[in-house]
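The values are calculated or read from the model by the stated rules, or taken from the named source; none is laboratory data. Everything numeric here is computed off the predicted structure, so don't read it as measured data. Note that we place each Cβ from the backbone using ideal geometry, even for glycine, and neighbour counts take in every protein chain shown.
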Amino acid sequence: MAVFNSEMVIKVREQELALTTDQDMRLSWLLRIAQLHIEDNNFMKAIECIEQCRPLVFGSFRPLKLLHLANFLETLGLLCDGQEKHEEALKLFEIMLRIYTAYLPSIALESANAHDIIGMTHFYLGSYSDAILHFNYSLDIYRQCLPLEHFSIGDCYQHMGLVYFRSGCTIQAKRCYDSASELYEKCSQTNPARMGKIYHCQAHLYAVANNNEEALHAYQKAEQIYRSFLPHDHCFFAGLYSDLGELHNCMNDLDQALQYLNTALMIESNHNPCQKTRLLGTLHLHIGRNYFMRGSYSTCLNNFSIAAVIFQRHLPLHNETFQEILHYIARAYYRLNKYEESLANYKLLLNLDMPIESETAFEIFYSIGRLFLKMKQPKEALEYFEACLNLSATIASLFSNDRLLHVYRYQGLAFFRLKEYSHALDSFNHALTLCTTIKDFVVTYNELRKLYHVQRNFELELYYARLVLDKSMKDPQQCEFILGHSYLNIGQAYFHLYEYEKALPFLHKSKEIFDPLEDRVNISNAVEYIAVSYYQIDNYEQAELFTLQRLELLRRFHQNNESSPDFPYAYSRLARIKCEQKCYNEAEELSEKALCLRREYLSENDIRLGVSFQTFGIVCNAQEKYEEALDYFEKFEKILRTTKESDHPYHTYLHENLGTVYYNMKQFTKSREHYEKSLTFALEKYPLHRRFHQRLKYGIERIFDHFF
């Protein structure tokens with residue numbers, strides 16, 4: 001069988017491209033060439049082709065054709081997938097699918113392909129149920145518009161098998177692989193690569209079941225097929241040889257394993273010289289394990305360290321693979337007599353081994369742990385709390401549930417301060433099982449609430465804040481201060497969920513409790529959230545009232561010294577309120593006051609100064625001073641660029657404001673560009689802010705009205 005040469009195919013396509021002047025044909029060929037480059041992991045060439053496509057899709061000399069746009073978005077999404085930017089890819093594919101849904105029949109082949117592509121992107125993201133959903137949509141359409149033995153149906157089964165395998169459903173995975181294999185064998189148009197992939201996938205199943213001989217046979221069958229039509233350095237071989245190398249590691253055939261792994265490493269490095277791909281991390285893990293088994297600990301450490309750095313970009317710290325790497329590093333350092341480095345890695349794994357077994361030791365470890373917490377050294381504290389738990393497991397009869405409750409709670413606090421939130425959750429849940437009094441429940445629920453707050457999981461924060469309030473209400477001796485905080489916490493949770501109407505009653509209740517206590521700090525916090533909530537629901541009269549209260553409380557608290565950063569925020573919000581009330585002179589005066597206060601203690605590149613420029617821009621836009629508004633927003637954008645955070649959340653509001661100005665100036669192309677950028681940021685940075693999403697989508701829709 002002839003070896004498949006992608007470069008030759010691309011060359012032929014480029015020759016065909018040079019022979020045509022038809023714009024639609026050129027776009028089609030360019031996109032296909034880009035996709036071939038993507039399949040070959042040649043992303044720079046793909047980007048060059050995509051850039052040539054842009055004027056053919058968006059050029060002012062020709063009307064925008066949505067199906068062309070969909071094809072362009074598909075290629076752009078495939079590029080993002082290839083570069084492991086799967087969230088970006090998913091957004092592009094979803095827009096593509098919406099176009100197909102709107103302009104093509106429900107059983108169009110393009111829609112089936114779109115669902116298949118989206119399913120694979122969900123697979124890369126670990127969203128397995130969503131992936132299966134899209135594959136089923138794809139399969140249903142394929143069956144209606146293609147012959148029942150078409151290879152695309154087999155591809156869909158193969159993709160579903162990958163999802164089931166990754167999610168641990170090996171029986172369903174095998175069924176899908178078998179269905180795909182049966183279809184491929186019947187289909188005369190089947191590319192040999194498909195059969196190779198099926199054998200590759202089936203080998204995974206055998207390897208997981210520790211059936212090494214069958215796995216080896218299937219891997220070799222896949223290799224034989226790949227070799228028959230692919231060049232020896234094709235990217236397919238990197239994944240195949242990685243798996244073969246690990247299989248030989250498990251079979252203790254270390255020389256053969258290392259040969260496969262080094263070959264895979266060379267292929268992957270050549271295809272992605274500048275990218276730290278997940279496969280590259282896996283290869284260094286497998287090579288490190290190989291050298292560890294050989295006793296070459298310095299060499300294995302080099303590979304494990306590279307793998308750790310790569311996986312930190314691709315996996316959460318609690319991932320089993322990442323933990324496996326840390327464990328190997330700790331063991332390798334130990335074998336090299338580098339005990340401090342080994343201990344540092346064992347601390348990350350919380351794998352302490354205290355030999356002392358007595359009640360006294362328990363108390364000492366517990367006390368030292370608490371001291372380390374007070375000294376803000378939570379890592380050191382964790383050693384001693386873990387020692388306490390080990391002792392309690394060994395001589396459980398000596399320790400009451402009450403003592404263990406406090407160990408778990410303080411252990412959770414240590415993890416919390418280390419931002420190891422999954423471990424903190426485990427500790428607090430252990431503490432929860434040991435609670436007996438209302439006070440214990442209130443304290444532990446509150447720790448869980450704070451844990452979910454810092455993780456921005458506001459639904460669960462709200463859940464535990466309500467539990468705190470429910471328990472507190474049942475205690476007749478519970479002080480008003482705790483109740484006030486409970487209402488405030490519930491209000492803040494609703495606020496962060498952007499459910500401002502629900503937040504307001506709880507915030508008002510907390511203020512009502514704190515007022516007679518003359519707790520100015522908590523009163524001020526409650527008033528701030530109340531003011532912003534009213535502003536967000538467009539109740540500007542109440543927003544103004546409580547913003548003025550906030551300013552008065554701040555003046556009392558700071559003794560009329562307005563150098564605190566809280567003052568400019570209040571003045572800026574008051575300026576925007578006045579702008580909404582069409583009191584533009586007052587709005588400008590308040591904006592100027594906020595800016596002057598900020599300039600007293602901030603550098604010219606501080607992002608908080610940019611907030612003032614943004615407020616000025618909003619006020620100018622409302623007065624139809626569009627050029628002045630653009631100048632202020634440009635100043636804000638310049639400050640954002642100096643932060644070197646291309647994805648800073650403030651970009652969301654900047655682009656929305658720019659979109660609004662350009663819309664008012666009837667520059668609809670620029671307006672759409674900024675609204676779409678804003679929506680992209682909003683979906684990523686504010687996924688729960690549906691009110692904001694709808695506002696941006698409406699802005700985009702009204703622009704499309706002008707285009708069509």
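This table checks each residue for (1) within 28 Å of Tyr500 (Cβ to Cβ); (2) modelled with pLDDT of 80 or more.
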{"residue": "Tyr626", "(1), (2)": "no, yes"}
{"residue": "Ala629", "(1), (2)": "yes, yes"}
{"residue": "Asp647", "(1), (2)": "yes, no"}
{"residue": "Lys666", "(1), (2)": "no, yes"}
{"residue": "Ser671", "(1), (2)": "yes, yes"}
{"residue": "Ser678", "(1), (2)": "yes, yes"}
{"residue": "Leu688", "(1), (2)": "yes, no"}
{"residue": "Gln694", "(1), (2)": "yes, yes"}
{"residue": "Ile703", "(1), (2)": "yes, yes"}
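Taking Tyr157, is it among the hydroxyl-bearing types (Ser, Thr, Tyr), over 32 Å from the mean Cα position of the chain (by Cα), under 28 Å from Asp40 (Cβ atoms) and not in a loop (DSSP other than H, G, I, E, B)? Working first, answer last.
Values: among the hydroxyl-bearing types (Ser, Thr, Tyr): yes; over 32 Å from the mean Cα position of the chain (by Cα): no; under 28 Å from Asp40 (Cβ atoms): yes; not in a loop (DSSP other than H, G, I, E, B): yes.
No; evaluated as a whole, the condition is false for this residue.
Let's see how each residue does on (1) surrounded by 16 or more Cβ atoms within 10 Å (Cβ to Cβ); (2) in contact (Cβ under 8 Å) with a residue 24 or more places away in the chain:
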site	(1), (2)
Arg32	yes, no
Leu56	yes, yes
His86	yes, yes
Leu90	yes, yes
Glu110	yes, yes
Leu125	no, yes
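Can you confirm whether the range 541-553 contains a residue that is in a loop (DSSP other than H, G, I, E, B), without any contact (Cβ under 8 Å) to a residue 12 or more places away in the chain and closer than 29 Å to Lys582 by Cβ?
Filtering the range 541-553 down to residues in a loop (DSSP other than H, G, I, E, B) leaves none.
Checking the range 541-553: not a single residue is in a loop (DSSP other than H, G, I, E, B), without any contact (Cβ under 8 Å) to a residue 12 or more places away in the chain and closer than 29 Å to Lys582 by Cβ.
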The range 297-313 residues that are in contact (Cβ under 8 Å) with a residue 12 or more places away in the chain, paired with ones that are hydroxyl-bearing (Ser, Thr, Tyr) and not in a helix (DSSP H, G or I) (beta carbon under 8 Å, 6 or more apart): Ile310/Thr277
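Select, from Tyr260, Tyr291, Tyr226, the only residue that is farther than 23 Å from Gln83 by Cβ and either under 29 Å from the mean Cα position of the chain (by Cα) or at pLDDT below 90 (or both).
Numbers: Tyr260 fails: either under 29 Å from the mean Cα position of the chain (by Cα) or at pLDDT below 90 (or both); Tyr291 fails: either under 29 Å from the mean Cα position of the chain (by Cα) or at pLDDT below 90 (or both).
Every option except Tyr226 fails the conditions.
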Count - residues of the range 212-234 that are surrounded by fewer than 18 Cβ atoms within 10 Å (Cβ to Cβ) and either closer than 21 Å to His286 by Cα or in contact (Cβ under 8 Å) with a residue 40 or more places away in the chain (or both): 9
Scan of the range 686-708 for residues that are surrounded by 15 or more Cβ atoms within 10 Å (Cβ to Cβ), touching a residue at least 24 places away in the same chain (Cβ under 8 Å), under 23 Å from the mean Cα position of the chain (by Cα) and assigned to a helix (DSSP H, G or I), ordered by number: Phe692, Leu696
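For every residue, the table says whether it meets (1) buried (at least 16 other Cβ atoms within 10 Å of the Cβ); (2) more than 28 Å from Thr437 (Cα to Cα).
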| residue | (1), (2) |
| --- | --- |
| Glu480 | no, no |
| His485 | yes, no |
| Asn489 | yes, no |
| Arg520 | no, yes |
Exclusive hit being more than 18 Å from Ala682 (Cα to Cα), part of a loop (DSSP other than H, G, I, E, B), touching a helix residue (DSSP H, G or I) at 6+ places or on another chain (Cβ under 9 Å) and not assigned by TED's automatic domain parsing to the domain that holds His689, set Glu604, Glu634, Glu628: Glu604
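So if I check each of Gln275, Gln323, Gln312, which one is polar (S, T, N, Q), outside any helix (DSSP H, G or I) and either within 27 Å of the chain's Cα centre (by Cα) or at pLDDT below 85 (or both)?
Working: Gln323 fails: outside any helix (DSSP H, G or I); Gln312 fails: outside any helix (DSSP H, G or I).
The conditions single out Gln275.
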Helices (runs of 4 or more DSSP H) (entirely within the range 407-480) containing at least 2 residues that are polar (S, T, N, Q): 421-433, 438-454
Matching residues in the range 647-672 - criterion: being of a type in the set (D, E, K, R) and either in a helix (DSSP H, G or I) or more than 18 Å from Ala622 (Cα to Cα) (or both): Asp647, Glu656, Lys670, Arg672
Pairs, first surrounded by fewer than 19 Cβ atoms within 10 Å (Cβ to Cβ) in the range 663-681, second aliphatic (A, V, I, L, M), C-beta under 6 Å, six or more apart: Phe668/Ile703
